[in-house]
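Visitor: Below is one structure. I have some questions about it.
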Amino acid sequence: MLSVRARTAFVCCLLLWIAPLQAIDSIELRLGQWAWTDYQGRELILQLSLGEAGLELKAQGERIAFPAPIGDVQDISLHCADVSYSAGSWLCPSGTARFSHAELGRQQLQFTLKANTEKEQYSIQLEGVKLAEGRLDIDLNYRTSAWRLALIADDLSVQKLAPWLSRFLSAEQQETMAAWSFDGRLSGSGQVDGKADLLSKLTVDWQLNDVNFSNDSGTQVAEQLMLKGSLAGQLQQSRWLWHTTLDASQGQTYFEPVFLDLTQFPISMNAKGTASENFTEIDVTTLKLDQQSVMSLEGSLAFKDKKPVSIQLSSQPASMATLYQQWLQPFSLGTAVAKLQTQGQLAASLEWQPSGYQLALDVTELGLADEEQRFDLQGLTGKLGWSTTATPMQTNLSWKDARLYAITLGEASVKAMSQSGNLYLEETVDLPVLDGRLQLSAFELEHQPTGVNWSFEGLLTPISMESLSEALGWPILQGKLSGVIPKVSYADQQLNIAGALQVKVFDGTTVIRDLRMSSPFGSLPQLYANIDINSLDLAMLTQAFDFGRISGRLEGYVHDLRLSNWEPVQFEASLATPETNPGKRRISQRAVDNLTQIGGGPSGMLQRGFLQIFEDFSYQKLGLSCRLRNAICEMSGIEEAKQGYYIVKGGGGLPPWINVVGYTRRVDWSDLIARLIAVRDSSGPVIE
């Protein structure tokens with residue numbers, strides 16, 4: 001070990017050498033094992049000689065052990081051709097060093113050294129350090145009162161740099177890094193000032209080129225990124241003042257579920273603020289974030305113990321088309337708004353604290369059109385306010401045109417208030433629906449952890465069945481649709497309508513009860529209902545559907561109805577002549593022929609006998625029922641026949657009478673639909 005006595009002897013030798021003793025022209029010192037504070041070494045040879053330029057220093061060492069994270073340095077050689085001593089300082093203006101290191105490999109670099117051991121002042125510059133396939137220059141100035149470290153990095157490989165950086169990371173951080181694959185090239189410069197082990201000032205400018213990375217699951221990926229940034233900070237009165245910038249101008253990234261083409265839509269960020277000395281509190285007093293042609297965002301943030309405690313953000317009006325495509329659509333997959341054609345402008349502001357938040361959306365001529373034709377909203381303008389705090393926020397919205405499936409909705413406006421996670425109507429909404437109106441009142445919307453729930457009461461003024469049937473592509477129907485809606489509610493993707501809707505059509509009444517839907521705006525909506533039919537005029541009904549004329553009355557029901565994606569998958573239906581007030585009952589040849597086909601019998605039988613001379617027939621009663629389960633319709637009529645079942649039973653008036661018998665008991669629903677389509681498209685029997 002190199003003791004204090006040995007170090008003193010070494011210095012004395014140097015002093016003797018520089019004394020005017022011409023007989024001595026070199027001194028050599030060999031040390032087998034030595035230690036100095038935190039440094040240890042083996043086989044050190046120091047040689048001082050008088051060279052052409054003055055005092056020349058050469059040093060060789062087998063091994064020097066530096067404190068972590070540097071570690072062992074081996075096969076060391078130093079050469080300084082011009083060593084001088086002045087005013088208590090040793091100076092080497094231009095030296096060469098060679099050594100080997102486990103991570104850095106074999107190094108050959110230039111250095112400049114100035115040292116004053118008495119005042120403990122040191123200055124060293126290292127040029128040409130080979131690091132991660134690139135170059136690193138180091139400039140270190142140290143004195144007991146302060147120190148400064150400056151670095152210049154040129155074209156370092158991020159992949160090759162990772163093993164070296166891992167020495168400075170915790171075990172948790174190393175584990176996180178191991179789950180990623182990455183590469184790229186790093187260049188930049190930085191300067192750090194401090195005292196002892198405390199930082200006081202730093203500045204960093206950096207650039208990353210050709211960056212590629214991916215995590216193990218492939219949910220976060222980047223290709224050919226170019227990133228450029230800066231960071232500056234200064235400690236004042238135990239608090240950091242900092243400023244940082246970031247520009248991402250090339251490449252593509254995917255952070256599930258968002259994909260960004262930064263070449264097309266580059267992003268820039270500028271932020272400044274303060275932080276506590278140990279960084280447990282960080283305040284972002286000014287934040288500016290811009291994505292070219294997409295959005296511009298400003299605000300402030302505050303963090304404590306790595307958790308947000310305050311967020312204030314506001315955006316400038318942005319194109320809804322690009323904003324939806326870039327940021328909103330990726331989060332809407334699997335929802336009703338996953339495929340929209342959008343237009344107009346949107347601006348937003350947010351104030352958040354752990355106790356709650358306030359959100360405001362300002363829209364101008366906003367258009368939202370579902371590509372699957374389920375809904376359409378155009379000309380939406382105004383402000384939507386939402387507050388989960390005790391501070392209320394107003395909503396004032398109006399739109400020019402809307403559509404729900406095939407139902408057109410006219411111009412309307414909404415005035416509401418939001419408070420404590422709820423939204424209430426301040427006045428009744430009068431919504432045009434075809435040629436009628438839907439008046440909405442007592443509307444309430446509530447945000448729950450499971451989703452958004454809402455409910456309202458309504459009054460549907462009469463809508464003509466002509467306009468409704470035309471909108472839905474049905475045969476033109478006569479009558480009116482109206483009803484009082486005690487309550488409509490939506491929760492957990494379930495839409496429920498309390499009360500009943502009454503449809504006055506074909507001089508009768510149809511009542512729709514227990515109406516509800518699940519996933520009404522999803523990819524597979526389900527509808528459930530019970531329908532009761534009272535005293536329909538068969539003449540009006542069969543004329544509307546071009547079925548063949550039947551006179552009389554009809555009653556029945558469709559219970560346990562279930563539609564899946566608007567296709568029937570389950571019901572129990574029965575339609576028959578009522579026991580009371582059956583009306584005058586006649587049935588035409590064409591209607592007989594069509595009912596025969598539906599029941600599975602042969603068509604055109606009436607044209608083969610003497611009954612072809614009659615245009616219509618009397619009947620006592622008629623009826624047909626179907627129980628649909630598992631795509632099979634179990635059919636029956638008004639009563640059993642010797643073979644099959646009666647669909648029409650003759651009698652009840654003057655002859656001629658006729659019976660229609662059905663033979664099919666079980667039929668595929670698709671086959672039955674095919675029969676009905678054939679009936680619809682048939683021109684009926686030809687009577688000669």
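Visitor: Percent relative contact order of the chain, based on C-alpha pairs within less than 8 angstrom and at least six residues apart?
Guide: It comes to 4 percent, rounded to a whole number.
Visitor: Just to be sure I follow: if Rg is taken over the C-alpha atoms of the range 412-513 and Rh is the Kirkwood radius over the same atoms, what is Rg/Rh?
Guide: Taking Rh as the inverse mean 1/r over Cα pairs, Rg/Rh reads 1.05.
Visitor: Sticking with this one: Straight-line reach from LYS487: which aspartates and glutamates fall under 13 Å, measuring Cα to Cα and dropping same-chain residues less than 8 apart?
Guide: Within the straight-line cut-off, LYS487 pairs with GLU444, GLU457, ASP514.
Visitor: Taking the Cα atoms only, what angle lies between the long axis of helix 669-681 and the longest principal axis of the chain, rounded to 10 degrees?
Guide: Long axis of 669-681 versus the principal axis of the chain: about 60 degrees.
Visitor: In straight Cα distance, which lysines are under 19 Å from LYS160, not counting same-chain residues fewer than 8 positions off?
Guide: In chain and number order, the partners are LYS130.
Visitor: Separate question: Could you please report the charge total around SER518, scoring K, R as +1 and D, E as -1 over all other residues with beta-carbon less than 12 angstrom from its beta-carbon?
Guide: Neighbour charge sum, excluding SER518 itself: +1.
Visitor: On to the next question. With every protein chain kept in place and ligands, DNA and RNA left out, what is the accessible area per residue of the chain? Probe 1.4 Å, answer in Å².
Guide: Per residue, the chain has 55 Å² of solvent-accessible surface.
Visitor: Which ³J(HN,Hα) values, rounded to whole Hz and listed in residue order, are derived for the range 633-645 from phi using the Karplus coefficients 6.51, -1.76 and 1.60 in 6.51 cos²θ - 1.76 cosθ + 1.60 with θ = phi - 60°, glycine and proline given as x?
Guide: Taking θ as phi minus 60°, the curve returns 9, 8, 9, 7, x, 7, 6, 7, 10, 4, 10, x, 8 Hz for the range 633-645.
Visitor: Around THR461, under 11 Å between beta carbons, what's the net of Lys plus Arg minus Asp minus Glu among the other residues?
Guide: Value of the local net charge: 0.
Visitor: Work out from phi, with θ = phi - 60° and the Karplus expression 6.51 cos²θ - 1.76 cosθ + 1.60, the ³J(HN,Hα) of each residue of the range 360-373, listed in order in whole Hz, and give x for Gly and Pro.
Guide: Using θ = phi - 60°, the values come out as 10, 10, 10, 10, 9, 6, 6, x, 10, 10, 6, 5, 8, 6 Hz.
Visitor: Pairs of alpha-carbon atoms within less than 8 angstrom and 6+ residues apart define the contacts here; what relative contact order does the range 63-148 have, in percent?
Guide: 18
Visitor: Tell me, what % of the accessible area of the chain is carbon and sulfur with a 1.4 angstrom probe?
Guide: Here it works out to 55 percent.
Visitor: Counting pairwise Cα distances across the range 506-681, what percent come out greater than 23 angstrom?
Guide: 43
Visitor: Net charge around SER315, counting only other residues with Cβ within less than 13 Å of its Cβ (Lys, Arg = +1; Asp, Glu = -1)?
Guide: Here the count lands on -2.
Visitor: Report, in degrees rounded to the nearest 10, the 0 to 90 angle that the Cα long axis of helix 589-598 makes with the longest principal axis of the chain.
Guide: Taking Cα atoms only, the helix is inclined about 40 degrees.
Visitor: Students often get this wrong, so check it: of LYS415/LYS504; LYS480/LYS649; LYS201/LYS272; LYS228/LYS288; LYS195/LYS228, which have C-alpha atoms separated by over 24 Å?
Guide: Beyond 24 Å between Cα atoms: LYS415/LYS504; LYS480/LYS649; LYS195/LYS228.
Visitor: Pull up the cross-link candidates among the lysines for LYS642, meaning alpha carbon to alpha carbon under 19 Å and not fewer than 8 places away within one chain.
Guide: Correct list for LYS642: LYS621.
Visitor: May I ask you to rank HIS447, HIS101, HIS243, HIS559 by accessible area, largest first, using a 1.4 Å probe over the protein chains only?
Guide: The residues order as HIS447, HIS243, HIS559, HIS101, largest area first.
Visitor: Summing -39500 (n - 2.57) over the DSSP H runs of n ≥ 4 in the chain and dividing by its residue number, what mean residue ellipticity at 222 nm do you reach, to the nearest 500 deg cm²/dmol?
Guide: Taking each H run of at least 4 residues, the total per residue is -3000 deg cm²/dmol.
The values are calculated or read from the model by the stated rules, or taken from the named source; none is laboratory data. Quantities reported herein were computed from a predicted structural model and do not represent experimental measurements. Glycine gets a Cβ as well: all are built from the backbone with ideal geometry, and neighbour counts include every protein chain shown. SASA here: full protein model, heavy atoms, side chains in, ligands and nucleic acids out. Shrake-Rupley method; radii C 1.70, N 1.55, O 1.52, S 1.80 Å.
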